[in-house]
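> Before I ask anything, let me first share the structure, which is written out below as structure tokens.
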Amino acid sequence: MNKGNVWLVGAGPGEAGLITVKGLHCIQSADVIVHDRLVNTELIAQAPEHCEIINVGKEQDYHPIPQEKINQILVKHAQSGKQVVRLKGGDPYVFGRGGEEAEVLAQHGIQFEIVPGISSSIGGLAYAGIPVTHRDYASGFHVITGHTSQGNERQNWKALAQLEGTLIILMGMTRLVEICQQLILHGKSSATPAAVIMYASHPKQERVIGTLKTLAAKVEEKNLHAPALIVVGDVVNLSATLSFTSTSFTISELSSKLKNFTGKTFTDEQFHE
């Protein structure tokens, strides 16, 4: 039996063209793709005809396929000799539970590889005209989750409110009011610029710009919801100036351009040289 392998691939923040060259190659070489809910369907369409597609997507407070079952799916298909792609939004190791899945694979002696992707915490904000760092505004940035692994624990907002630089919060929309209130309570100015970006880098991307004091009300007025990024800091003020319109390519066009550029399709041996 052929030895199976698992690629944990970051699909990027949303736009299909933001996948890496290596990530696209993995998709096009897969026997099985196990994907998250928000992965762009254009990427999944690049799978070979024989490839089995398994949707293990989760929503807020709704996990039809628990993480333990996802781990079992990866192990089962790899042990049967399949080339498996675990396709995740953003980057596998940035709040994507990729580390947990890689641990399970290692425990079962399964060969795996991490293919990093563009995290929404950086790339998604860029598509809203917000750089995470800027010499004049922020010399660093901090990325946190809006909830902990147990779901009912709270972040240390007192410590977070004292941090300099840009604060980026993923999976925090259900607690947006609390987040803004806690940051103000523990020392952040209520006038601190803040924004929410929904469906970052997608064609249906929307953003709301405000301050810690006004953001929650503006988001409610515009009816923004998850999936969305929350960002706090002076770099938000650059959004209007640095916004841009993304060049539109389908992933099929990009794949074709790559083949034309190289003059050939990579073999597995050449790809890993």
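> Condition test on His202, is it open to solvent by less than 50 Å² (accessible area, probe 1.4 Å), under 20 Å from Leu38 (Cα atoms) and not in a helix (DSSP H, G or I)?
When the stated conditions are applied, His202 passes them.
> Moving on to the next point. Taking into account only those residues within region 107-119 that are touching a Phe, Trp or Tyr at 6+ places or on another chain (Cβ under 9 Å) and not aromatic (Phe, Trp, Tyr), which is surrounded by the fewest Cβ atoms within 10 Å (Cβ to Cβ)?
It comes out as Glu113.
> Working only within region 158-199, note down all residues that are part of a loop (DSSP other than H, G, I, E, B), in contact (Cβ under 8 Å) with a residue 24 or more places away in the chain and either charged (D, E, K, R) or farther than 29 Å from Ser248 by Cβ (or both).
If the condition is that a residue be part of a loop (DSSP other than H, G, I, E, B), in contact (Cβ under 8 Å) with a residue 24 or more places away in the chain and either charged (D, E, K, R) or farther than 29 Å from Ser248 by Cβ (or both), then Gln162, Glu164, Gly165, Gly172, His186, Gly187, Lys188, Thr192 are the ones that fit.
> Name the one entry in Gly129, Gly124 that is open to solvent by less than 30 Å² (accessible area, probe 1.4 Å), out of contact with any Pro (no Cβ under 8 Å at 6 or more places or on another chain) and farther than 24 Å from Asp31 by Cβ.
Gly129
> Looking at Thr250, Thr245, Thr265, Thr211 in this structure, which one is polar (S, T, N, Q) and at pLDDT 95 or above?
Thr211
> Is there a residue in region 3-22 that is in a helix (DSSP H, G or I), of a type in the set (Gly, Ala, Ser) and surrounded by fewer than 23 Cβ atoms within 10 Å (Cβ to Cβ)?
yes
> Here's something else I'd like to know. Those residues that are crowded, with 23+ Cβ neighbours inside 10 Å and part of a helix (DSSP H, G or I), I need them from region 24-35; list them, please.
Cys26, Ile27
> Give the residue, chosen from Glu68, Glu15, that is in contact with a Ser or Thr (Cβ under 8 Å, 6 or more places away or on another chain) and acidic (Asp, Glu).
Glu15
> Of all residues being in contact (Cβ under 8 Å) with a residue 40 or more places away in the chain and under 26 Å from Ile169 (Cα atoms) in region 63-92, which is farthest from the chain's Cα centre (by Cα)? Just the residue, please.
Only one residue tops the list, namely Arg86.
> Of the numbered conditions (1) surrounded by 17 or more Cβ atoms within 10 Å (Cβ to Cβ); (2) at pLDDT below 95; (3) out of contact with any Leu (no Cβ under 8 Å at 6 or more places or on another chain); (4) in a helix (DSSP H, G or I), Val236 fails exactly one; give the number of that condition.
Checking Val236 against (1) surrounded by 17 or more Cβ atoms within 10 Å (Cβ to Cβ); (2) at pLDDT below 95; (3) out of contact with any Leu (no Cβ under 8 Å at 6 or more places or on another chain); (4) in a helix (DSSP H, G or I), the one that fails is (2).
> It is to be established whether one or more residues within region 40-53 are assigned to a strand (DSSP E or B) and either open to solvent by 60 Å² or more (accessible area, probe 1.4 Å) or in contact with a helix residue (DSSP H, G or I) (Cβ under 9 Å, 6 or more places away or on another chain) (or both).
yes
The values are calculated or read from the model by the stated rules, or taken from the named source; none is laboratory data. Only a predicted model underlies this, so the values are computations on that prediction, with no experimental measurement involved. Cβ atoms come from the backbone with ideal geometry, glycine included; neighbour counts cover every protein chain shown. Heavy atoms of the whole protein, side chains included, go into the accessibility calculation; ligands, DNA and RNA do not. Shrake-Rupley method; radii C 1.70, N 1.55, O 1.52, S 1.80 Å.
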